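Report on one structure; see the data block that follows.
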Amino acid sequence: QVQLVESGGGLVQPGGSLRLSCAASETIFSIYATGWYRQVSGKQRELVAHINTGGRTNYADFVKGRFTISRDNAKNTVYLQMNNLKPEDTAVYYCNADRLGIGPEYWGQGTQVTVSS
């Protein structure tokens with residue numbers, strides 16, 4: 001029911017920055033939690049960052065201090081600011097929405113991030 005569209009991916013050099021955006025089809029006030037996941041080619045999908053309706057955030061250890069998740073409720077959009085990117089950050093990044101915290105969950109189609117010199 002909730003549609004999510006990611007954008008902002010692309011090719012960036014190591015040490016560079018990107019900002020990913022996730023536009024939701026309804027107000028994110030109605031969604032308990034939103035987050036970003038990533039999937040390296042041939043690997044399982046993993047949590048990158050998460051934010052709930054109270055603004056509480058959670059980050060995977062491998063991005064702490066480098067990535068920041070935020071949301072703009074007026075724009076129904078969740079962002080992932082990625083700084084000091086590393087080649088191992090190369091992956092498809094997916095937006096996730098969890099309406100109640102226990103489901104239902106929704107996923108976007110993903111946006112490719114490639115970090116290479």
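The values are calculated or read from the model by the stated rules, or taken from the named source; none is laboratory data. These numbers were taken from a predicted model, which means no experiment stands behind them. Because the Cβ atoms are built from the backbone with ideal geometry, glycine has one as well, and the counts that use them run over all protein chains shown. Areas reflect the complete protein model, heavy atoms only, side chains present, ligands, DNA and RNA absent. Shrake-Rupley method; radii C 1.70, N 1.55, O 1.52, S 1.80 Å.
At-a-glance table
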read-out	value
Within-13-Å neighbourhood charge of P14 [Cβ basis; K, R +1; D, E -1]	0
Surface share of carbon and sulfur [accessible, 1.4 angstrom probe, percent] for the chain	47 percent
Normalised contact order of the chain, rounded percent, pairs of Cα under 8 Å and 6 or more residues apart	38 percent
Residues whose placed amide H lies under 5 Å from that of G16, excluding near-sequence neighbours	L85
Sequence-distant aspartates and glutamates (8 or more away, or on other chains) whose Cα lies within less than 15 Å of K64	E46, E88, D89
Surface accessible to a 1.4 Å probe, L85 within the full protein complex, Å²	0 Å²
Lys, Arg +1 and Asp, Glu -1 on Cβ, resulting dipole of the chain about Cα centre, debye, nearest 20	180 debye
Karplus (6.51, -1.76, 1.60) ³J(HN,Hα), θ = phi - 60°, over the stretch 84-91, in Hz, Gly and Pro reported as x	6, 5, 10, x, 6, 7, 4, 5
